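The values are calculated or read from the model by the stated rules, or taken from the named source; none is laboratory data. Everything numeric here is computed off the predicted structure, so don't read it as measured data. Don't worry about glycine lacking a Cβ; one is built from the backbone with ideal geometry, like all the others, and counts go over all protein chains shown.
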């Protein structure tokens, strides 16, 4: 036998260190003798730093005693934390004649019991110290010490959930790991089942990870049931932080995980408002693709995303919002439309899209040459598309306004501009059967062979509608361009398929009808 006493649960004493509190740990000694009581004495190597209570005592056969080992925090943690170079000497001896002292557990055991040569005294120097506690864990996370963190968490008392420790500023260990961008630290902490939705005075771990653009950490937290919604008292939720920060990959992940695309911040902004405000066009496009409502007004100023984009003079964002159906006529709390905001901020480049282009399109539809000339003299941009991708030339061609088409061509209009379905002005003119406009467009160089997104040429549209005269005009154009006869035969063969190539007449006309 080489030992009278066993140490439980191990030979390491975990001393919990908390600022302003008593720092101590517990060590349990078990008498392994079946019939004899055992006396013990535990002496710290560093008597100035550690105190043991009780330091000596007697243990009945096969029973235990628990000792309290305290540490003087005024000495500060050793540089080797969480481990300590200090150790303890455990002396033990069988004391068959001390039956009357059994269970006293006092410090009155004579010290000569552990020094006399007449008795066999066992000496164990294997008792070590490990410092645990929130202060220690916070330091280790900031240092990035993975093995030490795992060791401290494993040695900590289960009754105290060490993994939910906070530092002196109230930040959780997860938040500290996120702030360092350490995916490996986050993984270790998650193994010990922390409260992933715990909040410091700043944010949750998920909000911090999203704001920092840490996509892998975000994915880990979501897999561990991090709350995806904005919770009070946070001003922004994860989806708002992703959109405002331009983190498209994280935004996509949040949307896949079920984030509410139109959820509002504490001050009433949607993620789309924030994406527009921060000029995050990719995020705005992703939100709109996922069903974000384009005309929600924020609660602070009653502004839509279009108002915000206009105030910034963000021409590309304005174009995107209009293409997605933004209503230009909504007024904010000051009674101003997006056009009014553009005027207020002097963003003349946006006048066409937000107001003047509408007047231009209306005039083109009605064939109002005088208004068109006045607007053109005023500098209206005639190539700006509406939400369907139709320019003024598309409208004039569809309505058969040859005089308007001629003016636009002289001004240098993009004759082959396409709408969102791939239609050029020539396709529109053919579909509505205006031969005079078709002749004019073809003469001025319109691409007769241009195809819509579904692969239809102007010739195929004419054939499907049985417009023989228009077919001849288009075919003559092909001949003058020295196209070989095989192409003509191929066009006729495709045209014989009939109306299946034609897009819905109602769909093409309805959005553009002007009373």
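Within the range 404-416, work out how many residues are surrounded by 18 or more Cβ atoms within 10 Å (Cβ to Cβ) and assigned to a loop (DSSP other than H, G, I, E, B).
2
Just one of the numbered conditions (1) surrounded by fewer than 16 Cβ atoms within 10 Å (Cβ to Cβ); (2) farther than 22 Å from residue 405 by Cβ; (3) modelled with pLDDT of 90 or more is not true of residue 464; which one?
Of the numbered conditions (1) surrounded by fewer than 16 Cβ atoms within 10 Å (Cβ to Cβ); (2) farther than 22 Å from residue 405 by Cβ; (3) modelled with pLDDT of 90 or more, the odd one out for residue 464 is (1).
Being loosely packed, with under 13 Cβ neighbours inside 10 Å and either without any contact (Cβ under 8 Å) to a residue 24 or more places away in the chain or in contact with a helix residue (DSSP H, G or I) (Cβ under 9 Å, 6 or more places away or on another chain) (or both) is the filter here, so list the residues in the range 73-85 that pass it.
74, 76, 79, 80, 85
Can residue 204 be described as surrounded by fewer than 18 Cβ atoms within 10 Å (Cβ to Cβ) and either closer than 20 Å to residue 162 by Cα or modelled with pLDDT under 95 (or both)?
Details: surrounded by fewer than 18 Cβ atoms within 10 Å (Cβ to Cβ): no; either closer than 20 Å to residue 162 by Cα or modelled with pLDDT under 95 (or both): yes.
No.
State yes or no: is residue 187 in the same structural domain as residue 232 (by TED's automatic domain parsing) and surrounded by fewer than 20 Cβ atoms within 10 Å (Cβ to Cβ)?
Details: in the same structural domain as residue 232 (by TED's automatic domain parsing): yes; surrounded by fewer than 20 Cβ atoms within 10 Å (Cβ to Cβ): yes.
Yes; evaluated as a whole, the condition is true for this residue.
Out of 197, 224, which single residue is surrounded by fewer than 20 Cβ atoms within 10 Å (Cβ to Cβ), in contact with a strand residue (DSSP E or B) (Cβ under 7 Å, 6 or more places away or on another chain) and modelled with pLDDT of 90 or more?
The conditions single out 197.
Quick one: how many residues across the range 114-166 are assigned to a loop (DSSP other than H, G, I, E, B) and surrounded by 15 or more Cβ atoms within 10 Å (Cβ to Cβ)?
Quick first cut of the range 114-166, residues assigned to a loop (DSSP other than H, G, I, E, B) only: 115-121, 133, 144-145, 156-161, 165.
In the following step, the residues that additionally are surrounded by 15 or more Cβ atoms within 10 Å (Cβ to Cβ) were identified as 121, 133, 145, 156, 165.
Of the residues in the range 114-166, 5 are assigned to a loop (DSSP other than H, G, I, E, B) and surrounded by 15 or more Cβ atoms within 10 Å (Cβ to Cβ).
Restricting to the range 38-72, what's the tally of residues that are under 50 Å from the mean Cα position of the chain (by Cα), surrounded by fewer than 19 Cβ atoms within 10 Å (Cβ to Cβ) and closer than 23 Å to residue 135 by Cα?
Adding up the residues that qualify gives 4.
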